[in-house]
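The values are calculated or read from the model by the stated rules, or taken from the named source; none is laboratory data. Being a predicted model, the structure only gives us computed values, none of them experimental. Cβ placement follows ideal geometry from the backbone for every residue including glycine, while neighbour counts extend to all protein chains displayed. When the accessible area is computed, the model is the full protein with side chains, heavy atoms only, and any ligands, DNA or RNA have been set aside. Shrake-Rupley method; radii C 1.70, N 1.55, O 1.52, S 1.80 Å.
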Amino acid sequence: MINFNGTITDQSDQIKHNRAFLYGDSVFETLRIIDNKIIFWEDHYFRLMSSMRIIRLDIPDNYSPDFLQENILKLHRLVSKNGHSRVRINVFRFSKGKYSPFENTASFIISCEDIINSEYIINRGDYAVDLFKDYYLDSQLISSLKTNNKIINVVASIYAKENGLNNCILLNKEKFVAEFINSNIFIIKNDQIFTPSLNSGCLNGVLRKNLINILKKHSFTICEKDISTFDLTQSDEIFGTNIVQGLFSVSKYRKKDYSNNISKQIIKLLNDNIS
């Protein structure tokens, strides 16, 4: 039994040995479904399997792409009213033990939210960002995984709300730009596009990977490199990408205002390449 906010109650089997809840011992994928199709499913699947291996979580034989996709779509069809949704699949170690688990058994939980739009739409109006410098990201392999340990992102989002910002830019310990709170970051300067390399500690985003390939295919000049805070002030446009929103454009960083002319072209390319 447990005491939950003053009430003695039975402990759920879903929580008792759920190490995602107890220790953040979990990896997850956030998915976008459009017209009943998981966008970039193969990339999500292989990133999930790779993340499971890195945290030494046993991969069950039945965790095939078809098996997981079937379970995702099963819930999606019950929740979505128009064939579009946002899905999160958490895979976690389900085992007795404290820091040292008795087993490396995997379990999953899938959740789903309905989405109205059938394509990515760029944001309108003001979108102000600034640096978050209370804490910094590590630039090691495990830091680039989508794990349940996102406390820096949570605290940064509270900081953004307290300061009237729409988002914050996270830095790594070398004080280079890593990512936004909830997305990868790109800057545009003189028609060239730059994004932090994976060595920065940024998330190895599925949309990041696919957008880089799309941009190269359409003759954009794009470079993965260390980006300083000074580079932000010298850029013409700043935008972020994640699988749910697609692309959002920054209108203001500190005292500088930014355009979104090329960002509008990019989101059109993105929609054309997932239809």
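Past the 21 Å Cα-Cα mark, which pairs from 173/255; 146/264; 189/255; 37/74? Intermediate results must be reported in sequence, preceding the final value.
Numbers: 173/255 25 Å; 146/264 28 Å; 189/255 18 Å; 37/74 12 Å.
Cα-Cα > 21 Å for 173/255; 146/264; rest within.
Fully extended, how many nm does the chain gain between residue 257 and residue 131 (0.36 nm per residue separation, minus their Cα-Cα distance)? Show your work: numbers first, answer last.
Numbers: separation 126, 0.36 × 126 = 45.36 nm, distance 1.54 nm.
Net length gain for the segment: 43.8 nm.
If you roll a 1.4 Å probe over the chain with all protein chains in place, what percent of the accessible area is carbon or sulfur?
Heavy-atom surface of the chain belonging to carbon and sulfur, 1.4 Å probe: 49 percent.
Here r is the Cβ-Cβ distance between residue 98 and residue 37 and R0 is 45 Å; the resulting FRET efficiency, rounded to 0.05, is 0.60.
Note on percent of Cα pairs over 29 Å apart: of the candidates (1) 34; (2) 38; (3) 53, the value calculated from this structure sits at (2). Rounded to the nearest 0.05, what FRET efficiency is calculated for residue 174 and residue 8 with R0 set to 41 Å and r the Cβ-Cβ distance? The value I calculate is 0.25.
What 222 nm value per residue comes from the helices of the chain, counting each DSSP H run with n ≥ 4 as -39,500 (n - 2.57) and dividing by all residues, nearest 500 deg cm²/dmol? Don't skip to the end; give the middle numbers.
On the way: 8 runs with 80 residues, N = 275.
Only helices count here, giving -8500 deg cm²/dmol.
Dipole magnitude for the chain: about 200 debye, using +1 per Lys or Arg Cβ and -1 per Asp or Glu Cβ, origin at the Cα centre. Of the residues 229, 122, 192, the one whose Cα sits farthest toward the positive end of the charge dipole of the chain, with +1 on the Cβ of Lys and Arg and -1 on the Cβ of Asp and Glu, is 229.
Taking the average, over residues, of other Cβ atoms within 10 Å as the packing measure, peptides 233-246, 89-102 rank 233-246, 89-102 from highest down.
Per residue, the accessible area of the chain comes to 53 Å², computed with a 1.4 Å probe over protein heavy atoms only. Just checking the listed ones, 252, 74, 37: in the Gaussian network model of the chain with Cα springs under 10 Å, the one fluctuating most is 74.
To the nearest Å, what is the center-to-center distance of the range 59-86 and the range 239-275, using C-alpha atoms only? Cα centres, the range 59-86 to the range 239-275: 28 Å.
Placing unit charges on the Cβ atoms of the charged side chains and taking the dipole of the range 101-221 about its Cα centre, the candidate lying farthest along the positive direction among 218, 147, 177 is 218. The stretch between residue 273 and residue 197, if pulled fully straight at 0.36 nm per residue, gains 25.0 nm over its current Cα-Cα span. Our note on the geometry: Cα centres of the range 101-143 and the range 150-191, 12 Å apart. Projected label points at residue 105 and residue 16, each 7 Å from Cα along the beta carbon direction, are separated by 1.1 nanometres.
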